[in-house]
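The values are calculated or read from the model by the stated rules, or taken from the named source; none is laboratory data. Small disclaimer: the values here were computed from a predicted structure and weren't measured. Here the Cβ positions follow ideal geometry from the backbone for every residue, glycine too, while neighbour counts run over all protein chains shown. Heads up: the accessible areas ignore ligands, DNA and RNA and are worked out on the full protein's heavy atoms, side chains in. Shrake-Rupley method; radii C 1.70, N 1.55, O 1.52, S 1.80 Å.
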Amino acid sequence: MSEIRIVLIEDHDLTRMGLRAALQSHSGLQVVGEAANATQGLKLLQTTKPDVAVVDIGLPDMDGIELTRKFKSFQEETADQGTKILILTMEHSEDAVLAAFAAGADSYYMKDTSIDRLMEAIEATHEGNSWIDPAIANVVLRQMRQNLPEDNPQSSQPKTVKIEALETEYEQVLETYPLTQRELEILELIVAGCSNGQIAEKLYITVGTVKTHVRNILNKLCADDRTQAAVRALRSGLVA
């Protein structure tokens, strides 16, 4: 198996150096570039095209969310979707989380977790199984409940970030191919941030069976990955 090529975009020198040293010590990972700001980072991503970009939100010239948005736009223009974006931050506010996913982030990882878990998150992100921290899933669920009119009828302040309603074509697919009870159970666990292995343990089924269900869920939700499926599940009310 070839090494996962990684670019680090982090403005704190000591943090970046520590991450690089830790990741380089892992036999399956290779840091192929690093940048201390978003401008340099964007150019680096466009030229290097790594497998995974680890991006901090708090960059000095442009935040990591805007960087993600610009790079995803570049990927669409060049029809090259190879690089996955893993947001690495201490920020877990509703606006930051939802804005990151809306910008196209593939995973959202909290800095206060272990380096071993970060390596797992990078590997999962590279494989297309986006990493969603359980704390982040809770943030998204709380934001969804706050957006319900009956929960907050007097609020007149516009949200900086919002989850749009599920698009018509997705609703039509769900009407034609509704999720089974087992798929709904697995979808809830995906939103909760569980890996395939954790889902298998909780439901007493094999990882292979979980993967089959996840693939069916992605197809029915017209989602490219687990993160997109989780967000669409919340938008449509499949998970509450």
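I need a count of the residues in the range 177-206 that are within 24 Å of Ser107 (Cα to Cα) and open to solvent by 60 Å² or more (accessible area, probe 1.4 Å).
Result for the range 177-206: 5.
Which residues, taken from the range 221-240, are surrounded by fewer than 22 Cβ atoms within 10 Å (Cβ to Cβ), of a type outside the set (A, V, I, L, M) and under 19 Å from the mean Cα position of the chain (by Cα)?
Within the range 221-240, Cys222, Asp224, Asp225, Gln228, Arg235, Ser236 qualify.
Considering only the range 216-235, I want to know if a residue exists there that is modelled with pLDDT of 85 or more, closer than 29 Å to Asp95 by Cα and part of a helix (DSSP H, G or I).
yes
To keep it simple, each residue is scored yes or no on (1) open to solvent by less than 40 Å² (accessible area, probe 1.4 Å); (2) touching an Asp or Glu at 6+ places or on another chain (Cβ under 6 Å).
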residue: Glu10; (1), (2): yes, yes
residue: Arg20; (1), (2): no, no
residue: Ser27; (1), (2): no, no
residue: Val31; (1), (2): yes, no
residue: Ala35; (1), (2): yes, no
residue: Ala38; (1), (2): yes, yes
residue: Val54; (1), (2): yes, no
residue: Thr68; (1), (2): yes, no
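The rows are residues; the columns are (1) in a helix (DSSP H, G or I); (2) within 25 Å of Asp11 (Cβ to Cβ); (3) modelled with pLDDT of 80 or more; (4) not β-branched (Val, Ile, Thr).
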{"position": "Lys70", "(1), (2), (3), (4)": "yes, yes, yes, yes"}
{"position": "Ser73", "(1), (2), (3), (4)": "yes, yes, yes, yes"}
{"position": "Glu76", "(1), (2), (3), (4)": "yes, no, yes, yes"}
{"position": "Gln81", "(1), (2), (3), (4)": "no, no, yes, yes"}
{"position": "Glu91", "(1), (2), (3), (4)": "no, yes, no, yes"}
{"position": "Thr113", "(1), (2), (3), (4)": "no, yes, no, no"}
{"position": "Arg117", "(1), (2), (3), (4)": "yes, yes, yes, yes"}
{"position": "Ile122", "(1), (2), (3), (4)": "yes, yes, yes, no"}
{"position": "Val140", "(1), (2), (3), (4)": "yes, no, no, no"}
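Let's see how each residue does on (1) in contact with a helix residue (DSSP H, G or I) (Cβ under 7 Å, 6 or more places away or on another chain); (2) among the hydrophobic types (A, V, I, L, M, F, W, C):
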site: Thr47; (1), (2): no, no
site: Ala53; (1), (2): yes, yes
site: Met62; (1), (2): yes, yes
site: Arg69; (1), (2): yes, no
site: Ile87; (1), (2): yes, yes
site: Ala100; (1), (2): yes, yes
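Within the range 6-24, identify whether any single residue is among the polar types (S, T, N, Q), farther than 16 Å from Ser130 by Cα and under 18 Å from the mean Cα position of the chain (by Cα), and answer yes or no.
No; the residues of the range 6-24 include none that is among the polar types (S, T, N, Q), farther than 16 Å from Ser130 by Cα and under 18 Å from the mean Cα position of the chain (by Cα).
What are the pairs with Cβ atoms under 9 angstrom where one residue, in the range 91-112, is of a type in the set (Lys, Arg) and the other, located anywhere, is open to solvent by 10 Å² or more (accessible area, probe 1.4 Å) and part of a loop (DSSP other than H, G, I, E, B)? Sequence gap at least six, or different chains.
Lys111/Met90
Which one is farthest from the chain's Cα centre (by Cα) among residues in the range 181-209 that are assigned to a loop (DSSP other than H, G, I, E, B) and among the aliphatic types (A, V, I, L, M)?
Ranking the qualifying residues of the range 181-209, first place goes to Ile205.
Restricting to the range 64-90, count the residues that are of a type outside the set (Phe, Trp, Tyr) and touching a strand residue (DSSP E or B) at 6+ places or on another chain (Cβ under 9 Å).
13
Restricting attention to the range 7-44, and to residues there that are part of a loop (DSSP other than H, G, I, E, B) and of a type in the set (Ser, Thr, Tyr), which single residue is nearest to Gly82 (Cα to Cα)?
Applying the filter and picking the extreme gives Ser27.
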